[in-house]
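The values are calculated or read from the model by the stated rules, or taken from the named source; none is laboratory data. Not measured: the values here are computed from a predicted model. No Cβ is skipped: glycine too gets one built from the backbone with ideal geometry, and neighbour counts run over all protein chains shown. These area figures cover heavy atoms from the full protein model, side chains too; ligands, DNA and RNA do not enter into them. Shrake-Rupley method; radii C 1.70, N 1.55, O 1.52, S 1.80 Å.
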Amino acid sequence: MSKVFKKTSGNGHIALYLGKRDFVDHVDSVDVVEGVVKVDSSGLEGRKVYVYLACAFRYGSDDLDVIGLSFRRDIWIKRVQVYPATENPTKTPMLESLLKKVGEQGYPFAFQMPTDLPCSVSLQPGPGDSGKACGVDFEVKAFLANEADNPDEVIDKKDTCRLMIRKIQFAPANNKAGPKAELSKQFMMSDKPVHLEIALEKECYYHGDPITVKVKINNETTKTVKKIKVSVEQLTSVVLYCSDTYTKEVCCQEFAETVNANSTLDKSFQITPLLSNNKEKRGLAVDGRLKDGDTNLASTTLSQGEKEMQGIIISYKVKVNLLVSSGGLLGGLTGSDVTAEVPLTLMSPKPAEV
């Protein structure tokens, strides 16, 4: 273990130690969150030390808190008492290493997260916004208290220490063939349709990689396809009391390809969705970050099967839009659109050490 993350309470009685702050969701299981609390028992006067792991949805910045109301809802929370010890978690190599570093005052803990919790996601603030971003975050907090679940007990900030952690998913090892979609659209005053077929080369793309979209057009009409637009949309589903989905275009490129009447086109187009091109979009979902460092567009949330997930769920789609112009006496660009879409999985590759 090369690095240890530590946070000490204001009064110095307790200190929280973690060996890592990124925990991987493997879809069927999640890395165990384990650590050690160092307890200076002198002067505790019979009080106990608890640790909790919480997954919360934050829908307002800290500076918006009014009349004691917090703009935060706990999606999942679990507490354990570490001092005096009531449980004895299995001594993994990580815990053994932390206990060796902390010494005799160290008390271990371990949490197993359920698989239906969302990953760490932040909603990008607007240019004039301040404070902590909205989104889903995870925190480990150690605190001194007389009881674990007494809502009336006031916990002094000096008696607490906390570390933010992240729950993350990586792209699956086996990249399958990409999705396809096709449709035919008939127009007024035309006996035959425009056929549009689109396909992605593979199912999953990494952040920053160009996305190749194969487009096949068979224009059997007397009209002309004047333009092809290829775009990527991010769909952010916020699932709390009810479910709302917000769609934001993160990449769009127009190609001046013309497909005349009774003609065909078979061509591939490349587009690259990047967060750097969307810095001003308020509410855009980005991967959760522990500090104000670089991040990506939020990764696709891998399916949890039949389990219903709360929090924020991310998905993407690629859309291909054809502008089909009227070819009559007026000869303008007024006309109809032909649109097809396919799902896109956008994620980070799994690091070698994970």
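So which pairs qualify, if the first residue must be in the range 101-118 and over 15 Å from A85 (Cα atoms), the second must be of a type in the set (S, T, Y), the Cβ gap must be under 7 Å, and the two must be at least 6 apart or on different chains?
Listed by first residue and then by second, the contacts come to V102/Y17; T115/S29; P118/T301.
Tell me, which residue of the range 178-198 that is crowded, with 19+ Cβ neighbours inside 10 Å and hydrophobic (A, V, I, L, M, F, W, C) is nearest to V37 (Cα to Cα)?
My answer is I198.
So in the range 132-157, with the set limited to residues that are assigned to a loop (DSSP other than H, G, I, E, B) and within 25 Å of N277 (Cβ to Cβ), which one is modelled with the lowest pLDDT?
Taking the candidates together, the pick is K132.
Would you point out the residue of the range 31-57, among those that are under 32 Å from the mean Cα position of the chain (by Cα) and open to solvent by 10 Å² or more (accessible area, probe 1.4 Å), that is farthest from P172 (Cα to Cα)?
Y50
Looking at the structure I just gave you, is N175 buried (at least 19 other Cβ atoms within 10 Å of the Cβ), touching a residue at least 12 places away in the same chain (Cβ under 8 Å) and of a type in the set (S, T, N, Q)?
no
Let me confirm something: among E306, E280, E341, E353, which residue is open to solvent by 40 Å² or more (accessible area, probe 1.4 Å) and at pLDDT 85 or above?
Only one candidate passes the filter, namely E341.
Being assigned to a loop (DSSP other than H, G, I, E, B), closer than 21 Å to G288 by Cβ and at pLDDT 80 or above, is that true of even one residue in the range 31-51?
Checked the range 31-51: at least one residue is assigned to a loop (DSSP other than H, G, I, E, B), closer than 21 Å to G288 by Cβ and at pLDDT 80 or above.
Can you tell me which residue among L196, L265, L200, L235 is in the same structural domain as Q310 (by the TED database) and either among the aromatic types (F, W, Y) or within 30 Å of E139 (Cα to Cα) (or both)?
It is L235.
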